[in-house]
Amino acid sequence: MSVRSIQGGVRAALLVAAALALTACGSMPRPLPLATPGERHASGTMKPYQVGGHWYYPAEQPHYNEVGLASWYGYGDGYGCRVTADGEMMDPGALTGAHKTLPLPSMVEVTNLATGKKIKVRVNDRGPFVAGRIIDLSRAAAEKLGIFGHGTAKVRVRYLGPAGPKDASWQPVSFRRGACR
């Protein structure tokens, strides 16, 4: 075998390797775009994140059943124009909430331990980031549980499973009318 034939074989092998590398680059996963209102990118909501110097690690938690403090979102008039962590529009009239690590969106059962009242809540946002609190609730959820006037209450939060998708009609009326632009 001559030196030229060896060099030709090496060149051919390099060309094949380069072609395979370029093909692999074209099939590599791309980062998800930022969510727009109404869109969901569940895998993006499962990434670790940092708030106030503390790291949070979202994960599937089928046996989640915790007791702690619930609070409620106390935003002003622009509340319904804010976007949640999973891309849905916040709606103070919907039974929704925020949790630090449950998958988004999820369904949980929240029980006010002082009254025994229970409701199902769609978890579509991250929070609360206050020590000792395990869930933030929308105004409607806080009202149904009887904690709206108190600000916080001791609750049990039990994971029920993934929440189904919401269609555009679920968005707050203010958003559908274009008031959030």
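Nothing in this text is a laboratory measurement; each read-out follows from the coordinates by a stated rule. Note that the structure is a prediction, hence the values are computed from the model and not measured. Here Cβ is always computed from backbone atoms with ideal geometry, including for glycine, and neighbour counts include all displayed protein chains.
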Taking 0.36 nm per residue of separation and subtracting the Cα-Cα distance, what length does fully extending residue 160 through residue 130 add? 8.4 nm
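Students often check this: by mean Cβ neighbours within 10 Å, which of 145-151, 67-73 ranks highest, and how do the rest follow? Display every interim value, and only then the final one.
Details: 145-151: 15.9, 67-73: 19.9.
Highest to lowest by the protection proxy: 67-73, 145-151.
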For a 18 Å ceiling on Cα separation, which of these pairs sit above it: 118/154; 117/154; 47/120; 47/154? 47/120; 47/154
Measure off 7 Å from each Cα along the Cα-to-Cβ vector at residue 67 and residue 150, then give the distance between these two points in nanometres to one decimal. 1.4 nm
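May I ask you to compute the full-extension gain from residue 113 to residue 56, defined as 0.36 nm times their residue separation minus their alpha-carbon distance, rounded to one decimal in nm? Don't skip to the answer; put the middle values down first.
Numbers: separation 57, 0.36 × 57 = 20.52 nm, distance 2.64 nm.
Stretched out fully, the residue 113 to residue 56 stretch lengthens by 17.9 nm.
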